[in-house]
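K.L.:
Structure in structure tokens, see below.
Each reported figure results from applying straightforward, stated rules to the coordinates on display, with no laboratory input. Just so it is clear, the model here is predicted, and its values are computed rather than measured. When we count neighbours, we look across all protein chains shown, and the Cβ atoms used for this are built from the backbone with ideal geometry, even at glycine.
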Amino acid sequence: MNNSYELDYQETIILEQEMKGAAKSSAVGCVAALLLGGFGIHRFYLDDIFVGVIFFILGLVSIGLSFIEGVPSIIGYVPVAIGLIETIFMPARVKIWNDALETKITKTIICERTATPVHPKPDDAAKGESE
């Protein structure tokens, strides 16, 4: 565990189960970045929708520009270059995403532990019946 919160054994098991189901894989992220990184697929994988949409639009524009006469065809390779560069940074991005998720789950577990249960107040009708 990468954070400084103290969890008991049962809470640690809950954390591990939650992480197992929700954590992102560096391998999947790298493959997505390598194959379709110029179109932002790897950013969608990390729930970074805004940047993913920007990458997607720029990827389509650069591919489209490569078919226009007079525009150097090398423009079409921009998404490939972006994908290669993004593949290098993907493991670190996945680690940051997973660490943030672990911290969020841990804080939720601690809040549930320290939350005081709310007991409903008996209404006046119930009081009258019991007397």
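K.L.:
Please give the FRET efficiency for residue 34 paired with residue 74, using the beta carbon to beta carbon distance and R0 = 22 Å, rounded to the nearest 0.05.
P.N.:
Efficiency for this residue pair is about 0.65.
K.L.:
For a distance above 14 Å, tell me the whole-number percent of Cα pairs in segment 21-96 that qualify.
P.N.:
Tail fraction, whole percent: 58.
K.L.:
Pop a pseudo-label 7 angstrom from the Cα along the beta-carbon direction at both residue 12 and residue 101 and give the gap in nm to one decimal.
P.N.:
Label-label distance for residue 12 and residue 101, simple model: 2.1 nm.
K.L.:
Put a dot 7 Å past each Cα toward the Cβ at residue 65 and residue 88; how far apart are the dots in nm?
P.N.:
Simple spin-label model gives 2.2 nm for this pair.
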